[in-house]
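Data first, discussion second: the structure below is written as structure tokens.
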């Protein structure tokens with residue numbers, strides 16, 4: 001244990017605030033994604049909706065669960081403080097998912113497309129900054145590929161045909177960018 005009560009980082013892994021912020025925000029983001037899909041699926045299940053779109057959402061939700069488990073492990077192994085905003089993201093993610101599902105499948109897909117566009121940008125920026133942490137870099141690279149595939153799938157399921165797509169998409173992207181900034185710090 002170090003003087004600060006933390007385990008030393010694995011060899012070659014820089015112990016710095018930038019890496020901690022990356023893990024914290026990525027953990028929060030994956031948690032938010034899981035909650036969005038939970039909200040969408042709660043509505044679709046309540047309405048007994050089954051379609052190619054709902055099947056796609058279930059599949060994407062499973063991938064996000066896998067991502068969250070990985071970041072849960074990294075938070076614990078590296079003793080990274082999770083975001084204090086988790087209760088907010090719990091409610092906000094579920095509410096966003098439920099609200100877009102209530103509008104319809106295309107709006108749910110518009111939500112996915114918007115979120116994944118921001119996450120793709122976010123992960124690309126992290127990849128440019130990650131040096132010396134091969135495990136985190138590979139994780140981000142793999143998960144970015146999943147997020148890009150989710151966005152493409154959402155577009156293929158008619159995301160751009162959602163009512164008020166441009167406004168809905170921009171509002172969701174703005175919210176995601178704000179959540180990223182807040183979760184890095186808080």
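The values are calculated or read from the model by the stated rules, or taken from the named source; none is laboratory data. Everything numeric here is computed off the predicted structure, so don't read it as measured data. Note that each Cβ is placed from the backbone with ideal geometry, even for glycine, and that neighbours are counted across all protein chains shown.
At a glance:
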quantity	calculated
Test: residue 179 is within 16 Å of residue 34 (Cα to Cα), more than 15 Å from the chain's Cα centre (by Cα), part of a helix (DSSP H, G or I) and modelled with pLDDT of 90 or more	no
Some residue of the range 100-109 being out of contact with any helix residue (DSSP H, G or I) (no Cβ under 8 Å at 6 or more places or on another chain), farther than 19 Å from residue 171 by Cβ and modelled with pLDDT under 95	no
All positions within the range 137-171 that are touching a helix residue (DSSP H, G or I) at 6+ places or on another chain (Cβ under 7 Å) and on the phi > 0 side of the Ramachandran plot	158
Residue in the range 63-75 that is buried (at least 19 other Cβ atoms within 10 Å of the Cβ) and farther than 19 Å from residue 122 by Cβ present	no
Selection count where residues are in contact (Cβ under 8 Å) with a residue 60 or more places away in the chain and closer than 24 Å to residue 172 by Cβ, scope the range 124-153	6
Residue satisfying all of: in the range 146-176; under 15 Å from residue 63 (Cα atoms) and within 13 Å of the chain's Cα centre (by Cα); surrounded by the most Cβ atoms within 10 Å (Cβ to Cβ) among these	147
